Amino acid sequence: MEQVKIDGLAAGAQKICITGHIRPDGDCTGSCLGLRRYLLDGDVSRQVDVFLQPAPTVFSFLDGFDQIREYDGGRYDLCFVLDVSDPERIGENAACLKQADRVICIDHHVTNAGLIPETYVKPNAAATCELLFDLMDEEKISKKTAECLYLGLVHDTGIFRHSNATRHTMEAAGILMEKGIAHAKIISDTFLTKTYLQNQLLGRALVESILFCEGRCIVSMISGRTMEFYKAKHEDLEGIVDQLRVTKGVDCAIFMTEMEFRVYKVSLRSNEKVDVSRVAAYFGGGGHVRAAGCTLSGTFYDVVNNLSEQIAAQLDG
Ligand code: 5GP
Ligand code: MN
């Protein structure tokens, strides 16, 4: 693994595509655009296309953001799949994998089952962006690439607050800062600043939250009707589960979004005890020990009951 470098992996490839998971977050968007910029800086004659679902507009300052599109055909010498634990998480853009001579997955999810044969997975990396940083030549990282990678580090560590942030994460962030990026502005504009709508949804989710398991778990939900009422997008719910998680006494936080009638996208977070990647994987999802997700069907109470059974088994075990 140590010998592997992006320059070696991409050597000789002229047509390269990059994709990531559905509903791209900061790490997914940052890693795809950061790798794109790095590959183009290495060889301007290359074609490098990024196929993702629309990414949050707060990331639009990143180099290449306006080039992001959905896959609509074409063959590639090489396809990079980033921040993806399971090809099913790519969605419709996964069609590009079949049209590439070689597919390489770079990821940091503990639940990555290695379904893509050439997979580089490092579960103790805080972010896919950290892993990419390790695979890049430090001197060849431009300011534009650094902005992308820094964004991923910031978002997957909750601004270096989560337990996944290591000395190495901080050192990588420090090196990226020295590339001259507006690091404080990236944090403020993409992570801390909330729109009025986002704050209203956060407020609702907090007011309507329910404690259970003697206060060790908390759950809240935003219904499809509420989403429609506010004309909200999925990205407007970013950060709600993290606010639930910091409730005193709580170990495990659940935030559910109704995507279709009685179909919930479930976000799970924990502080110390519950391995939420196991809970999510039990229900067909995945993620990390302290942050994971899955999709479940049924009434709100069915879903909470099913989740709480798995969570309680760990809390009491
Ligand atoms: P979030 O709650 O922010 O959507 O996701 C937390 C973590 O769990 C992320 O690393 C994300 O990639 C992963 N994750 C979320 N939902 C799913 C899912 O349905 N399947 C898998 N395999 N991973 C998920
Ligand atoms: Mn990630």
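Do we have any residue at all in region 134-148 that's in contact with a helix residue (DSSP H, G or I) (Cβ under 6 Å, 6 or more places away or on another chain) and within 12 Å of ligand 2 (Cβ to nearest atom)? Within region 134-148, none of the residues are in contact with a helix residue (DSSP H, G or I) (Cβ under 6 Å, 6 or more places away or on another chain) and within 12 Å of ligand 2 (Cβ to nearest atom). Has region 193-207 got any residue that is more than 27 Å from Leu39 (Cα to Cα) and within 18 Å of the chain's Cα centre (by Cα)? Looking for residues that are more than 27 Å from Leu39 (Cα to Cα) and within 18 Å of the chain's Cα centre (by Cα), one finds none in region 193-207, hence no. Give region 35-55 a look and list any residue that's surrounded by fewer than 24 Cβ atoms within 10 Å (Cβ to Cβ), within 16 Å of ligand 1 (Cβ to nearest atom) and under 16 Å from Cys148 (Cβ atoms), or say none. Within region 35-55, just Ala55 meets the criteria. Is there a residue being of a type outside the set (Lys, Arg) and at positive phi anywhere in region 180-196? Yes, the conditions are met somewhere in region 180-196. Entry remark, region 224-238: residues being among the small types (Gly, Ala, Ser) and free of Cβ contacts under 8 Å to residues at least 24 places away in the same chain number 0 in total. Here Cys32 passes the criteria (1) within 23 Å of Leu192 (Cα to Cα); (2) out of contact with any helix residue (DSSP H, G or I) (no Cβ under 7 Å at 6 or more places or on another chain); (3) part of a loop (DSSP other than H, G, I, E, B); (4) within 16 Å of ligand 1 (Cβ to nearest atom) except the one numbered (3). Per the conditions (1) farther than 16 Å from Ile210 by Cα; (2) in contact (Cβ under 8 Å) with a residue 12 or more places away in the chain, the sole criterion not satisfied by Ala312 is (1).
Pairs meeting the criteria (first residue in region 281-304 and open to solvent by less than 20 Å² (accessible area, probe 1.4 Å), second residue near ligand 1 (Cβ under 7 Å from one of its atoms) and in a helix (DSSP H, G or I), beta carbons under 6 Å, at least 6 apart or on different chains) are Gly286/Ala280; Gly287/Ala280; Ala292/Ala280; Gly293/Ala280; Cys294/Ala280. Residue pairs whose Cβ atoms lie under 6 Å apart, separated by 6 or more positions or on different chains, with the first residue in region 20-41 and within 12 Å of ligand 2 (Cβ to nearest atom) and the second basic (Lys, Arg) and open to solvent by 20 Å² or more (accessible area, probe 1.4 Å), are His21/Arg89.
Within region 115-128, identify whether any single residue is in contact (Cβ under 8 Å) with a residue 24 or more places away in the chain, among the hydrophobic types (A, V, I, L, M, F, W, C) and away from ligand 2 (no atom under 15 Å from the Cβ), and answer yes or no. The answer is yes; a qualifying residue exists.
The residues of region 98-114 that are away from ligand 2 (no atom under 13 Å from the Cβ), in contact with a Leu (Cβ under 9 Å, 6 or more places away or on another chain) and either in contact (Cβ under 8 Å) with a residue 40 or more places away in the chain or among the charged types (D, E, K, R) (or both), listed by number, are Ala100, Asp101, Arg102, Ile104. For the residues Lys144, Lys98, the requirement of being under 20 Å from Gly34 (Cβ atoms) and among the basic types (Lys, Arg) singles out Lys144. Residues in region 231-285 that are more than 22 Å from Ile159 (Cα to Cα), small (Gly, Ala, Ser) and near ligand 1 (Cβ under 10 Å from one of its atoms): 4 in all. Which residue, of Val219, Val241, Val250, is open to solvent by less than 30 Å² (accessible area, probe 1.4 Å), in contact with a strand residue (DSSP E or B) (Cβ under 7 Å, 6 or more places away or on another chain) and within 21 Å of Ala55 (Cα to Cα)? Every option except Val241 fails the conditions.
The values are calculated or read from the model by the stated rules, or taken from the named source; none is laboratory data. Note that this is a predicted model, so its numbers are computed, not measured. For neighbour counting, all protein chains shown are included, and Cβ atoms are generated from backbone atoms with ideal geometry for every residue, glycine included. Note: accessible area is taken over every heavy atom of the protein model, side chains too, but ligands, DNA and RNA are not part of it. Shrake-Rupley method; radii C 1.70, N 1.55, O 1.52, S 1.80 Å.
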